[in-house]
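As structure tokens, the structure follows; a few thoughts come after it.
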Amino acid sequence: MAVLAKIRQRSALLIGVIALALFAFIIQDLIGKGTFSQSSKDVGSIDGKDISFEDFRIKVSNVEKSGQGITSTEAANRVWDQEVSIALLSSQFEKLGLRVGKKHLLEVLKSDPNIGKNPMFLNAAGIFDEVKFNDYFNSNPEAKEYIAQKEKDAELNAKFQIYNTLIKSGLYTTASEGKLKYEMETNKVNFAYAAAPYSSIKDSEVKISDSDIVDYMKKNEKKFKADATREIQYVLVEDKASKEDEAEIKTKLNSLLSGSVVYNAKTGKNDTLPGFRNATNIAEFVNANSDVPYDSTYVPKNALPAVDADKLFSLPAGAIYGPYVYGRYYAISKSLGFKAGVNAKASHILISYEGAQATPKEKRTKEEAKAKAEEILAQVQANPDSFMMLAFTSSDDSSAQQGGDLGYFGQGQMVKPFNDFVFNNGIGKIGLVETPFGFHVIKVTDKQDGIRLATIAQKIEPSEATSDKVFTLATKFEMDAADKDFNGAAKELGLKVAPAVNAKAMDEAFGPLGNQRNIVRWAFDKETSKGDVKRFEIANIGHVIAQYKGENKSGLVSVDMARPYVEPILKNKKKAELLKAKMSGSSLEAIAKAAGVAVQQAADVTLDNPVLPGGVGQEPRVVGTAFALTANKISAPIEGNTGVYVVKNVKTVKAPAIANHAAYVEKVKAQSANDASRVLPALKNNAKIEDNRLQFNY
């Protein structure tokens, strides 16, 4: 009772404490759910149009289920690109007021073979019946939901077709453009020139700083535009077999060759078990001792490990070869015999007919197909070299694109009549065979002999002791790198720092290590700070110790990525200034002498193909300047692709005037045929896109 009395006395205080605790819990929950945080319930937005996470999640899940081995990140990237494209295009459709009528929509649906060719929707004449189609979906709720989604997709597709047609219709080529094309191809210029090549100045004489590269990128932002990236440097400590481990594997394999003595608990005596050399049940012995199951097939020489193929293929029956390296294994092999003609190579021309298992390119009866096949057989027998061309033009099989070549195949891989003809006849034999697919004109083109090998293969992998040493080294480096300079700590332990990786938020690939999404996700985590170090265990590879170096928010690619492209350009610009200073004089000969080069000649050069002779390559600025000069006039120094040039116009030959430039208009049209495909990238470039996928752990 005394306790209850004290509780009553303290009740107001207790209520206050409980209320405070509840309030704190609610606040924490609200923050976690995003009420007072920057988290979003939407996975992103395109020009203000939100993409809900739940819809996005369902679509990603569906892509994962439909794809073969596709990762969740790959699926998310695919769906995101699709959502962005649909949102941007739909906005354009609305602005243009595009509409799709019922008839148009039905035509789009009918183009889907699952609908347009479905027997359920065909009448007695085999023609699509709209009434049957509507009745089925109106009477079946689940199917109605399915077709509603199909109609939605079809409407979008139809609008895109209209939109694309409008764009293509708006792209046209004028007669003036055709005239210009004609003149660029046929106007010619002859000129003399002095060329001081950039290569005459050593690269070491001109230095390009990081700031030079950044300045260049800022002036050419469109070329170097990039998403924000995180720079991650790392050390890979490989968990691989040591020399001692490999020696132990080879010793183990060699020990299997001879018999072994094993104690038999039932008899109380030692039993002598046969080794690989004398084993009576070879398949059982291999399966009991190998990491790769026994394979009883005969294999041709080209299917054997390249380095050891000659020795393995020539092994007499019962002989043993090895240990040798076979991929990621050490192996020993025993020859179980040789067999001729295990694989064959053949070409065929298939002539099918109505009712056969293969669809003919043209309607014909069985009798007509046989007559045509016999006719082709006679042609091929008279001229075997015509086989390939006849296959191209006449065969009803997809192999027609390869001239009828079916490649190599083994016994039993083809239907029996085809198989029997090929394997019962020699190389070069041509004949006619009937199968359920139609009539085949067959030519046997090659045979392969094979050897059957019993192979014991044991994986080359680190021992437990080696893996423990690797783990200890990786852990020590992780701890050292957290407190010391990353590169210095690596050097102390004899480890090599790999080139830094610049990763975008939704990247999976991580440099040469391939798909390492967990490393990229860590670098973009809000809890990860500049300089942080973390170890990642990579299956079948080892340990990656990564350091987050910093974020590139400039909107430009990193200096390291840009340098290989930008540095040569900037070096040539600096070299050009040095070369220009030398190239002075009152005549072309004097300028050439001052630059230490000879005067050269170029004849009949056009603007359409501005190539200088002698393997120099394209120099459009130089040729363009030569065209712009009057006869005998000398240009100022020109910065070309390969050096600095001074040119002197010798003669410009104008093309004769023609009345019609239609052929040249068509050439320009062909060059711009794909311009319509540039619309979507342009829309993406100008859109305001917010991507919140990282918040949802993709």
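The values are calculated or read from the model by the stated rules, or taken from the named source; none is laboratory data. None of these values were measured; they are calculated from a predicted model. Reconstructed Cβ throughout: ideal geometry from the backbone, glycine too, with neighbour counts over all protein chains shown. These area figures cover heavy atoms from the full protein model, side chains too; ligands, DNA and RNA do not enter into them. Shrake-Rupley method; radii C 1.70, N 1.55, O 1.52, S 1.80 Å.
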**Request:** Could you tell me the accessible area of residue 678 in Å² (1.4 Å probe, neighbours in place), rounded to the nearest ten?
**Result:** 150 Å²
**Asked** Between residue 107 and residue 565, how many nm apart are label points set 7 Å from Cα along the C-beta direction?
**Response** 4.3 nm
**Asked** Working out 0.36 nm times the residue gap between residue 336 and residue 363, then minus their Cα-Cα distance, what length gain in nm do you get to one decimal?
**Response** 4.6 nm
**Fill in**
If each K or R counts +1 and each D or E counts -1, the residues other than residue 104 whose Cβ falls under 12 Å of its Cβ total +2
**Message:** From the phi angles alone, apply the Karplus equation (6.51, -1.76, 1.60; θ = phi - 60°) to segment 577-593 and give each ³J(HN,Hα) in whole Hz, x where the residue is Gly or Pro.
**Reply:** 4, 5, 6, 4, 4, 7, 8, 10, x, 8, 9, 5, 5, 5, 5, 4, 5
**Fill in**
Counting only backbone N atoms under 18 Å from a point 7 Å out along Cα-to-Cβ of residue 650, the residues of segment 571-597 in range are 587-593
**Request:** Anything over 23 Å Cα to Cα? Flag those among 504/534; 361/669; 491/530; 366/447; 553/574; 218/574, in the order listed.
**Result:** 361/669; 366/447; 553/574
**Request:** Go through 559, 428, 127 and say which Cα lies farthest out towards the positive end of the charge dipole of the chain; charges sit on Cβ, +1 for Lys and Arg, -1 for Asp and Glu.
**Result:** 559
**Asked** Using r as the Cβ-Cβ distance of residue 413 and residue 658, and R0 as 45 Å, what FRET efficiency do you calculate, to the nearest 0.05?
**Response** 0.15
**Fill in**
Once 473, 683 are ranked on solvent-accessible area with the largest value leading and a 1.4 Å probe, the list reads 473, 683
**Item:** Estimated FRET transfer efficiency when R0 is 30 angstrom, pair residue 203-residue 618 (beta carbons, to 0.05)
**Value:** 0.85
**Asked** How much length is gained on full extension from residue 393 to residue 483, taking 0.36 nm per residue of separation minus their Cα-Cα distance?
**Response** 25.2 nm
**Request:** Just subtract the alpha-carbon distance of residue 68 and residue 674 from 0.36 nm times their residue separation and send over the number in nm, one decimal.
**Result:** 215.0 nm
**Asked** How big is the chain in terms of Cα radius of gyration and Dmax, in angstroms?
**Response** 37.5, 121
**residue 522 accessible area, 1.4 Å probe, all protein chains in place, Å² to nearest 10** = 30 Å²
**Request:** Would you compute the Debye intensity of segment 443-485 from its alpha-carbon atoms alone, equal scatterers and no solvent, and pass along log10 I(q)/I(0) at q = 0.26, 0.29 Å⁻¹ to two decimals?
**Result:** -0.93, -1.00
**Prompt:** Using a simple spin-label model with points 7 Å from Cα along the Cα→Cβ vector, what separation in nm is obtained for residue 220 and residue 240?
**Reply:** 3.8 nm
**Message:** Net charge around residue 183, counting only other residues with Cβ within less than 12 Å of its Cβ (Lys, Arg = +1; Asp, Glu = -1)?
**Reply:** +1
**Simple spin-label estimate for residue 686 and residue 314 in nanometres, 7 Å along Cα-Cβ** = 7.1 nm
**Prompt:** Quick one: Karplus J couplings for segment 318-329, per residue in order, coefficients 6.51, -1.76, 1.60, θ = phi - 60°, nearest Hz, x for Gly and Pro?
**Reply:** x, 6, 10, 10, x, x, 9, 7, 10, x, 9, 10
**Complete:** Within the under-11-Å Cβ sphere about residue 193, not counting residue 193, Lys/Arg +1 and Asp/Glu -1 give a net charge of 0
**Prompt:** With no solvent and one point per C-alpha, what does the Debye sum give as log10 I(q)/I(0) for segment 189-250 at q = 0.16, 0.17, 0.26 Å⁻¹?
**Reply:** -0.88, -0.91, -1.11
**Prompt:** Are any of the pairs 181/223; 110/150; 311/429; 363/443; 301/459 more than 20 Å apart by Cα-Cα distance, and if so, which?
**Reply:** 181/223; 311/429; 363/443; 301/459
**Message:** Could you work out what % of the accessible surface of the chain is carbon and sulfur, using a 1.4 angstrom probe and leaving DNA, RNA and ligands out of the count?
**Reply:** 52 percent
**Asked** For segment 545-678, what is the accessible area per residue in Å², given a 1.4 Å probe and the full set of protein chains?
**Response** 56 Å²
